[in-house]
Amino acid sequence: MKVLFYHYGSICEPFIRSAFLESGIDVTDIEDEVTNKSILQSDCVKRVSQALMNGNFDFVFTINFFPTISDTCNIFKIPYIGWTVDAPVMELYSQSITNSCNYIFLFDQLQYQDIAPLNPGHIFYLPLATDVAFMQSAIAKDVFDSRLRADLSFVGSLYTEKCPYDKLQSPSDSLRGYLDGIMEAQLKVYGYYFIEDLLTDDIVADFKRCMPDYLALKDSPFLTDSAIISKYYIGNKISSLERVSLMKQLSKRFPMTIYTNSDTSGIPGIDNRGGVMTRTEMPLVFHYSTINLNMTSKGIRSGIPLRIWDILGCGGFVISNYQPEIPEYFSIGEDIEVYESADDLLYKCSYYLDHPERAREIAVNGLENVKNKHTYLHRVLTMLETVFSPKNA
């Protein structure tokens, strides 16, 4: 069996490629977009089409969803498999999602519930995974570096530098007050994202008037303005507000270390050690931190983000905000720890910093769980079985 793998630079692409090879799949790669982020859609179509004409492939694969690749596969009548690792993925709302060639796997159950009715029998739910063998090999190569060791750490962006909401221009006092109010309310709730339900037609119209270069995707008949505003604009803003707020509270109480390229100058007491290399340094941070903190982006409404899987694959201990799908795969307090409010997070950080041996026990359990049930090979085999089962043949 042969796959044409179109890459764009996702951190998990090398892991999935390895899983394909391990499962006996021959892999041909298209990597133009990894280095050329300004590649035209027409060039993408041309490269994929040429490869399909010159090779005898059984399917095409991408991370997330590429409408142009789906359309190309539909013409060639070849299965197109996509697996989301981000949320929101606005391209899922394009007309191309209805193509009969599609076999699209979504890691967030609420995202799945939104998209599945658009192409019944061709949209599936599949949680994310980790490459335990790679993570453990990266840790085994460690040369001691104190920069990569911390008591309480967070790896990732604060979203302050990539928040499209901040482009809002001259909103009225009533619009600003309403948006601030619903965001403040959402910050207090974990496990349920309700913003879209609170966006009235008048609020949507006012927001669009105040947002220059408002995101309007072409050929997206299933995408509403309330979904765009709640998921793309407000979701990112709430994620930014939450992360900055929690960092400020944590840094007042504990030696808080963050690995980021975001600006942290407004957070007194925080130790910003800069970004880390994904494949060489990040596994060491996860492995050696007493506590790894995960704050899930609000665009991920129910699912388990890649960050959690990777921390566990490194044998790290993680405290995450509560996500509805976490109890479906992990035993809280045994494989992973969660918090349901800022006060709860502060308490649990204090407890586990005082009881590092308990954190290590939980980390060992979490590693064993993902090693046995949640590797990329597990997921690749599930995808192949789903797509090439007799009922889909």
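From most to least packed by mean Cβ count within 10 Å, the peptides 348-361, 371-384 give 371-384, 348-361. Measuring nothing but alpha carbons in segment 190-265 and taking Rh as the Kirkwood radius, the Rg to Rh ratio lands at 1.10.
Multiplying the sequence separation of ARG279 and ASP151 by 0.36 nm and subtracting their Cα-Cα distance, what value in nm do you get?
Details: separation 128, 0.36 × 128 = 46.08 nm, distance 2.12 nm.
Going from the current span to full extension adds 44.0 nm.
Report the relative contact order of segment 132-373, percent, no decimals, based on alpha-carbon pairs under 8 angstrom and at least 6 residues apart. Computed value for segment 132-373: 26 percent relative contact order. The Rg/Rh ratio for segment 245-324, using Cα coordinates for both the radius of gyration and the Kirkwood hydrodynamic radius, is 0.95.
In this Cβ point-charge picture (+1 for Lys and Arg, -1 for Asp and Glu), the chain has a dipole of about 440 debye about its Cα centre.
Site pair TYR214 and SER42 shows an inter-label distance of 3.0 nm when each label is modelled 7 Å from Cα along Cα→Cβ. Ordered from longest to shortest, the equivalent ellipsoid semi-axes for the chain are 34, 29, 19 Å, each the square root of 5 times a Cα gyration tensor eigenvalue. Among the listed pairs LYS167/LYS248; LYS248/LYS348; LYS37/LYS231; LYS208/LYS248, those with a Cα-Cα distance over 21 Å are LYS167/LYS248; LYS37/LYS231; LYS208/LYS248.
Which peptide among 286-293, 169-176, 65-72, 139-146 comes first, and what is the full order, when sorted by highest mean count of other Cβ atoms within 10 Å? List each step's numbers first, then the result.
Details: 286-293: 23.9, 169-176: 11.6, 65-72: 22.1, 139-146: 10.0.
The peptides rank, most packed first, as 286-293, 65-72, 169-176, 139-146.
Every read-out reported here was derived from the displayed coordinates using simple, explicitly stated rules and does not represent laboratory data. Because the structure is predicted, anything quoted here is derived from the model rather than measured. Using ideal geometry, Cβ is built from the backbone for each residue, glycine included, and neighbour counts are taken over all protein chains shown.
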